[in-house]
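Working notes for the structure below.
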Amino acid sequence: MTAPLLQVHELTKHFPITGGPAGIRTIGQVRAVDGVSFNLAEGETLALVGESGCGKSTTGRMLLRLTEPTTGRIAFSGDDLLSLGHSALRRRRREMQIVFQDPYASLSPRQRVEDIVAEPLDVYRLYASHGERRDRVAELLRLVGLDAAHLRRYPFEFSGGQRQRIAIARALAPGPKMIVADEPVSALDVSIRSQVVNLLQDLQERFGIAYLFISHDLAVVRHIAHRIAVMYLGRLVELADRDALFDAPHHPYTQALLSAVPVPDPERKRAGIILRGDVPSPARVPPGCHFHPRCPIAQDLCRESVPPLRDIGGRSVACHFAAPFPIATASTSPR
Amino acid sequence: MSEPLLAVDDLRVHLFTNRGVVRAVDGVGFALSAGKSLGIVGESGCGKTMTALSLMRLIPSPPARIVSGRIMFDGEDVVALDEPRLRALRGNAMAMIYQDPMTTLNPVFNVGEQIAEAVRLHRQASRAAALARAVEMLELVGIPDPARCAQSYPHQLSGGMRQRAVIAMALACHPKLLIADEPTTALDVTIQAQVLDLMRRLQRELGTAIILITHDLGVIADLVDTVVVMYAGKVVERAPVRQLFAVPRHPYTQGLLRSVPSLETREHRMRTIEGTVPSAYAMPQGCRFHPRCGIARDVCRTDEPPLVPDGVGGEAACWALV
Ligand SMILES: Nc1ncnc2c1ncn2[C@@H]1O[C@H](COP(=O)(O)OP(=O)(O)OP(=O)(O)O)[C@@H](O)[C@H]1O
Ligand SMILES: Nc1ncnc2c1ncn2[C@@H]1O[C@H](COP(=O)(O)OP(=O)(O)OP(=O)(O)O)[C@@H](O)[C@H]1O
Ligand SMILES: [Mg+2]
Ligand SMILES: [Mg+2]
């Protein structure tokens, strides 16, 4: 077996909280990411899901070293990414691209679409002539469903969804092996979202691109992901093959998450498990299992000891009392 | 029957660019009563944000201009109001949650100060009281550790936290009409459920009317009473929510509903509506949807279909229904 494209080991990111009279003393830590490990194979899609603020974007940014990890190891194509110098990292980055969560902030307002999409081509000199540059950009725009007539326009002339497609075209430009896609389709309407998801899948089939696909749209995740990692307050709580996860979520948080998906049917009101209890903060993480203050099946053990990510029938779950869905639903009343 | 809180009639917003005129909103009309909610759906670029912005006269001008139409809000025509009166209205009687949280948040001030500022703009309150109110609002929208969030600068917050901060700001002054442009797209489903719950409560307890713009038909089904479907600057269908989901009449609405992925269906490809929204500079003749429509006939290529009432409270613009 060949080594996976990407190996992430015990990755953490702690942001200092500053305060004090001058506002410069460190008075605490935001434990945004708190010991996350996973692999990503070539041509694979791993989805990263979880509550807002649980550390998904921070994890994604660390893979490209856009945010420097506090501790941990990242191996990409065999290289130890965290020990690479500036120029070696720059070369490696051609193979790793990111589509940012916010399609507004990520596109420079003063650049024309042509120059935005061509930016990675410029950085790595991926064309021989000006004509070739333009052709490549036009081709990329066509790939994401935009008209080549848009080349000379500025981002503000586009709607939110159109801007996100420009960002995707830019990420595809240098022919990456891996794309960190941070909510790449949440700004898109259903039909275009489907088109973009199909497109991402086609590109994967053709070029073997691996995706770390960050999303809270579980229907899209169910469609595109091979495996799914569920994150809660800086840690992975469950990692499983797609069908295994959707068919029988084992972690109580995964169960709550899956049951909260709104259904497009006004006759069927949401019958989800609404999580109660203190909303967690990575600046004040609870002892033991991070999820215990909101967990419907928490016991004393959960308040004291951190459940390790352990293997249960081919999946990884971090819960002392992990059990498939039906058993846990019997006791979903809030404590 | 009482007057609706908001009545939009034949609204046209055009963008005058050096490449030509973009008819971003082209004859849109709808009404909304106090305490009710209306959803606007439609493909990216169809003019939802422009419609919402014009309700508060916040369209980017130039290049955009309201070229015709009336927007009656609480007895006044917003289109005819002067700047001072508009300023008094915005954020007070009408508040907007923008699609892009960063247009609302100022990067150089912390979030708490900004919400407090919004509070003080519209009511007498001491600085400290306004700040306390800001923290309260942040807690209400489900932000963990609201005190830390209040002291954070926008870049220190996650995408979903920023979005909730913007929601908190809009709700801080109890508006009569809340316009929410994609308020939950950056939120995960559990937080989304909380925010929708909060909006429902505002609607019920304070009688706030809500206009909700979203791509997420699940959210529409969950929250709104009436749905307006837009395509390329026009209303193609309007119907009570149950009816729209049960018997969508316009082929575009039918396509939209078919493209919704569900957790239950397993198909190799996600369903889409073939083709893309026409270029804003080159709108097709006749029905704007005809190049993508499976049932288009000759008349569709030449004449625009009118909105025709369906007899059970909705209306749709399709020659097949005339
Ligand atoms: N400053 C501008 N100059 C030219 N065209 C513009 C400008 N701003 C918006 N448009 C165009 O106006 C149309 C309507 O845009 P609007 O932002 O209302 O779309 P939307 O329905 O909100 O889309 P989305 O769902 O992607 O946010 C789009 O075709 C867009 O390209
Ligand atoms: N530069 C920073 N300084 C301080 N704290 C930060 C910084 N960036 C992120 N954080 C904190 O780290 C935590 C995780 O943020 P992150 O953006 O990774 O969340 P996320 O899972 O992507 O959430 P969302 O779904 O809302 O985008 C949050 O509590 C956030 O406030
Ligand atoms: Mg994020
Ligand atoms: Mg919009």
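Each reported figure results from applying straightforward, stated rules to the coordinates on display, with no laboratory input. None of the values given here were measured: they were computed from a predicted structure. Because the Cβ atoms are built from the backbone with ideal geometry, glycine has one as well, and the counts that use them run over all protein chains shown.
By other beta-carbon atoms within 10 Å, ranking B:D188, A:D300, B:D303 with the fewest at the front produces A:D300, B:D303, B:D188. With each label modelled as a point 7 angstrom along the Cα→C-beta vector, the B:S68-B:R19 pair spans 2.6 nm. Shown is the FRET efficiency for B:V308 and A:L126, computed with R0 = 51 Å from the Cβ-Cβ distance and rounded to the nearest 0.05: 0.45.
With respect to chain B, whose longest principal axis is taken over its alpha-carbon atoms, helix B:159-171 is tilted by about 80°.
Provide the net charge surrounding B:G159, with neighbours chosen by a C-beta distance below 14 Å and charges set as Lys +1, Arg +1, Asp -1, Glu -1. Residues near B:G159 contribute -4 overall. Working note: Cα atoms of chain B, range along each principal axis, descending, whole Å: 66, 51, 46. Taking amide H as placed 1.01 Å from N in the peptide plane, the amide H of B:D188 sits under 5 Å from that of A:S52, each at least 5 places away or on another chain.
Close amide H partners of A:T45, meaning residues 5 or more places away or on another chain with modelled amide H under 5 Å apart, are A:Y211, A:H226, A:R227. Specify whether the C-alpha gyration tensor of the stretch A:156-197 places it in the rounded, prolate or oblate class, a ≥ b ≥ c being the square roots of the eigenvalues: rounded for a/c under 1.5, otherwise prolate if a/b is larger than b/c and oblate if not. It is oblate, given that a/c is not under 1.5 and a/b is not larger than b/c.
Reported value for the protein assembly as shown: 170 Å³ per residue, from the convex hull of its C-alpha atoms. Exposure proxy ranking for B:I40, A:I24, A:I179, based on other Cβ atoms within 10 angstrom of each Cβ and starting from the fewest, stands as A:I24, A:I179, B:I40. To the nearest 10 degrees, how steep is helix B:111-122 against the longest Cα principal axis of chain B, on a 0 to 90 scale? Orientation of helix B:111-122: about 80 degrees from the principal axis. Cβ crowding within 10 Å, taken as a proxy for footprinting-reagent exposure, orders A:I27, B:I59, B:I211 from fewest neighbours to most as A:I27, B:I59, B:I211. Pairs from the table (A:K13/B:K48; A:K56/A:K177; B:K48/B:K176) lying more than 31 angstrom apart at Cα are A:K13/B:K48. Relative to the longest principal axis of the Cα atoms of chain B, the long axis of helix B:189-206 lies at roughly 80 degrees. Which trypsin sites (Lys or Arg not before Pro) does the stretch A:98-206 hold that lie in a coil by DSSP with at most 12 other beta carbons within 10 Å? Passing both the DSSP loop test and the Cβ count: A:R110, A:R125, A:R152.
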